[in-house]
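J.: There's a structure below that I have some questions on.
The values are calculated or read from the model by the stated rules, or taken from the named source; none is laboratory data. Small disclaimer: the values here were computed from a predicted structure and weren't measured. So basically every Cβ, Gly included, is an ideal-geometry build from the backbone, and we count neighbours across all protein chains shown. Side chains are part of the model used for accessible areas, which takes the heavy atoms of the whole protein and leaves out ligands, DNA and RNA. Shrake-Rupley method; radii C 1.70, N 1.55, O 1.52, S 1.80 Å.
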Amino acid sequence: MKNKPRIALLIGIICISIFPILIRLQLTSGLISAFYRMAIALGLLLPYVLITNKVKLLRKKLLLTAILCGVLFAADVAVWNIAIQKSSATQATLLTNLAPVWVGIISYLFLKNKPAFNFWIGTFVAIVGMITLVGFDFFIELNFDLAFNLAILSGVLYAIYILVSKKVLSEVDVYSFMTISLISSTLFLSIVCLIAGEPFYGFSDKAWLFLFIQGAVCQLAAWLLISYATQNMRATRVSLSLLSQGVIATFLAWLFIDEKVTLQMIIGGIILLFGIRITFYKN
């Protein structure tokens, strides 16, 4: 079915769109939230792949690259969480979502498969939509501080992860890739949390519930689906499609935590989605 990767990508994006709302509640620190997001996803996935024998042995080069993907993704999530908690979810999400630009630039400079012209048009339109969505006043008040730099770094790490994972997934099945990357993500973040002196327990029942949702939905379900889409679609197209999480997150925030949605935000969301749609035209 030709549309299966697109459907998987859409459902995966909906799953990760829940994440900024949960992080915004600040029931745990950004670092420990990132650790449990990976650890819970791994705890759910590992028994299944071991019982069903889904994990395959990889060549050394592929194994190391999959491990690198896990470290890149873990670093991205940790940096983004800290950026959200040190500034605003809007600033962190917008700057992190510049990842498609970095994907396009890196692909153009270093890879054989150059982005198509409609990718650049779609990216420009989508970013205009994102700017309209968050509001022009946001840029007047933008602070070029540590949180700003962390959000930019998160976007760069995100872009590198998408490109590297695309390379690995061209030769490795999704379950093997996810298992290896989650193991390396969990180990990496556990070391970071230990060094930072983060507490691993003592949270409220509500915090544990939201940590479980992050691991099961925002990580495991979302990235199994997005990894499948990455395996079968262009990396540039996947990265730009991930911008739509801003629109979905805004809708979910209005639905569940009563955040205000204005006409300008609706127009911005429509422009953003249209920019993404442009990249799916063949000519």
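J.: Suppose all protein chains stay in the model; what accessible area per residue would a 1.4 Å probe give for the range 1-74, in Å²?
T.: Numbers: 3830 Å² over 74 residues.
Accessible surface, normalised per residue, equals 52 Å².
J.: Taking R0 as 35 Å, what's the FRET efficiency between R277 and I195 from their Cβ-Cβ distance, rounded to 0.05? Walk me through the numbers on the way to the answer.
T.: Numbers: r = 44 Å, r/R0 = 1.26.
About 0.20, to the nearest 0.05.
J.: Highest mean first, how do 4-12, 53-61, 175-183, 125-133 rank when packing is the count of other Cβ atoms within 10 Å averaged over residues?
T.: 175-183, 125-133, 4-12, 53-61
J.: Listed here are the pairs K166/K260; K4/K167; K167/K260; K114/K260; K54/K206; which of them are more than 30 Å apart at the Cα?
T.: On the way: K166/K260 37 Å; K4/K167 20 Å; K167/K260 40 Å; K114/K260 40 Å; K54/K206 33 Å.
Pairs exceeding the cut-off: K166/K260; K167/K260; K114/K260; K54/K206.
J.: Simple spin-label model, 7 Å along Cα-to-Cβ: T262 to L46 in nm?
T.: 4.8 nm
J.: I need the calculated FRET efficiency for the pair L63 and K4, taking r as the beta carbon distance and R₀ as 25 Å, to the nearest 0.05. Numbers along the way, then the final one.
T.: Numbers: r = 28 Å, r/R0 = 1.11.
In this case the efficiency is close to 0.35.
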